[in-house]
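Read-outs throughout are calculated quantities, based only on the coordinates presented, and are distinct from any laboratory measurement. Not measured: the values here are computed from a predicted model. All Cβ positions, even for glycine, are placed from backbone atoms using ideal geometry, and neighbour counts span all protein chains on display.
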Amino acid sequence: MKVIAADLVLDGTGGALEKGAVILDGARIAGVGRQADIGRPEGAEVIETPPGATLLPGLIDAHVHLAYSGVPNRRRMIAEAMDQSYPQVALRAARRARDSLLHGMTALRDMAAPGGIAIDLAAAVAQGDVVGPRILACGRGLTVTGGHMDNAPFPDHTQARGMHHPCDGADGFRKGVRVEARRGAGFIKINSCVGLHNRPGTWWRPEMTVAEMEAAAEEAHAQGLTVAAHTSGGPPLTDTVRAGIDCVEHAHWIDDDCIEEMVARGTFLVPTLLVNERSFEVPLAEQGLARVSRWSEAAREAKWVSLARARAAGIRVGAGTDAGFMLPHATMFWRELALLVEGGFTPGEAIVAGTSVNADILGIEAGRLAPGRLADLLVVEGNPLEDIGLLGQAARLQVWKDGAQVAAGGRLTTTWPQGRAA
Ligand SMILES: [Zn+2]
């Protein structure tokens, strides 16, 4: 048994304890309380943290793409996809996952990777072959032919096989779910409605039919998997929610009908605020663009309105960066939390989004400091409720996973992963 004591303990659900402590029993949390009350189990190792430190659950990024670097230039991204073998991509994905761990993330949800890369990486971490955060991976994203993930960035004379998973019709999507599930997907990703860039005023359009979405949801749920959807907004977003999709990503334009449906069904929202901001902060020359699109400008305005509505309605909002597209892995998760604060969340609520809500989106027993939960923890020097940016400073972090310290000060402190490596 171990006892970790800290000047401030945040439990991941909004609770805060001054002079708190957590008791660890192996990989699980056995108790949480004030240092004065909690006592010290006989023989327990007591771990003190620096004065003024805060103990909280490990952070979770609910929207990443480990197979991609985050280079903000579309042509360079395509070039990277063309000249790296899947094993090369997998090794780089492992590096990105490890870097995420050093930056306080003890779990990630991978939102589409080719070649089974993220699925196999998730298994390698769980198996103890690789040091990294827990990963929930969808495999390839399901998309209609010619859809959001199948919009042919590659010329006719090249073949990019297996990057994404085109499906058509209800039976096609049902089979798509079965194929990704057979490959080992931990959840299913679909692309249900997308941005419409050339019709100002109507910035979204449906891509999947209602029958296709319902078939995907029904088949996934029958296999015990949740479904997340890339969405844009408007009535097609409401249709997505009504079709039984568990978590909507991006969702820039959320109308009142949709809010009502999301509340009734308990649908999660991952607004990915940062990826949209990146269109404005990365120099245009670096993006290879002449100007920021009008769609991005409209989405940038709408997302704050939608976020405020979602918060007011009590919709459970998670935090995801879209790292791998327009932004690098590991270093920017804290900015998504800071943007939630800019959008009206308290720092405490932003931390809840990045811990317990995200854990529920992934369906993992982490994200909360409570008895029985997995002991995935973060110690940060300072108080993130006063300065959320502290969570982005790896030098100030100690990271614990499965009840063991794995990183501190931006370096691994374990040379061999926890788990059952042979
Ligand atoms: Zn994404």
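List of remarks:
- Antiparallel content of DSSP bridges confined to the chain, in %, to 5: 50
- Estimated dipole of segment 118-250 in Debye, rounded to 20 [Cβ of Lys and Arg +1, of Asp and Glu -1, Cα centre]: 140
- At q = 0.14, 0.17 Å⁻¹ the log10 of I(q)/I(0) for segment 103-256 amounts to -0.69, -0.97, computed by Debye summation with a single uniform scatterer per C-alpha, solvent ignored.
- Most to least packed among 279-285, 6-12, 253-259, 354-360 [average Cβ atoms within 10 Å]: 354-360, 6-12, 253-259, 279-285
- Taking a quarter of the surface of the Cα convex hull of segment 177-236 gives a mean projected area of 4.3 nm².
- Alpha carbon convex hull of segment 59-362, projected area averaged over orientations, nm²: 14.4
- Ascending count of other beta-carbon atoms within 10 Å, so fewest first, for ASP129, ASP387: ASP387, ASP129
- Among VAL179, VAL399, VAL379, VAL46, a tally of other beta-carbon atoms within 10 Å of each Cβ gives an order, fewest to most, of VAL46, VAL179, VAL379, VAL399.
- Projecting the Cα atoms of LEU17, ALA67, PHE187 onto the charge dipole of the chain (Cβ charges, centred on the Cα centre) puts ALA67 farthest toward the positive pole.
- Angle in degrees between helix 74-83 and the longest Cα principal axis of the chain, rounded to the nearest 10: 80
- Helical runs (DSSP H, four residues minimum) scored at -39500 (n - 2.57) apiece and divided by the length of the chain put the mean residue ellipticity at 222 nm at -10000 deg cm²/dmol.
- The angle separating the long axis of helix 169-183 from the principal Cα axis of greatest extent in the chain is about 40 degrees.
- Here the relative contact order of segment 59-362, from alpha carbon pairs under 8 Å that lie six or more residues apart, stands at 21 percent.
- From least to most packed, judged by other beta carbons within 10 angstrom and beginning with the fewest, TRP400, TRP203 follow the order TRP203, TRP400.
- Our summary gives segment 4-158 a relative contact order of 18 percent, counting only alpha carbon pairs under 8 angstrom and 6 or more residues apart.
- Segment 291-347: translational diffusion in µm²/s, Stokes-Einstein, Kirkwood Rh over Cα pairs, 37 °C, 0.692 mPa s: 259
- Alpha carbon convex hull of segment 313-422, volume per residue in cubic angstrom: 137
- On Cα atoms only, tilt of 86-102 relative to the major axis of the chain in degrees: 40
- Contour excess over end-to-end distance, with Cα ends at ASN151 and GLN88 and 0.36 nm allotted per residue: 20.3 nm
- About its Cα centre, the dipole of the chain is roughly 820 debye, where the only charges are +1 on Lys and Arg Cβ and -1 on Asp and Glu Cβ.
- Convex hull volume per residue in cubic angstrom - Cα atoms of segment 194-295: 114
- Cα-based equivalent ellipsoid of segment 1-112: semi-axis lengths in Å, sorted from largest, via gyration tensor: 40, 14, 11
- Relative contact order of segment 83-173, pairs being alpha-carbon contacts under 8 Å that are 6 or more residues apart, as %: 26
- Tail fraction, Cα-Cα pairs, segment 35-181, threshold 27 Å, whole percent: 37
- Qualifying lysines (Cα of each under 28 Å from Cα of LYS401; at least 8 residues distant if same chain): LYS2, LYS19, LYS189
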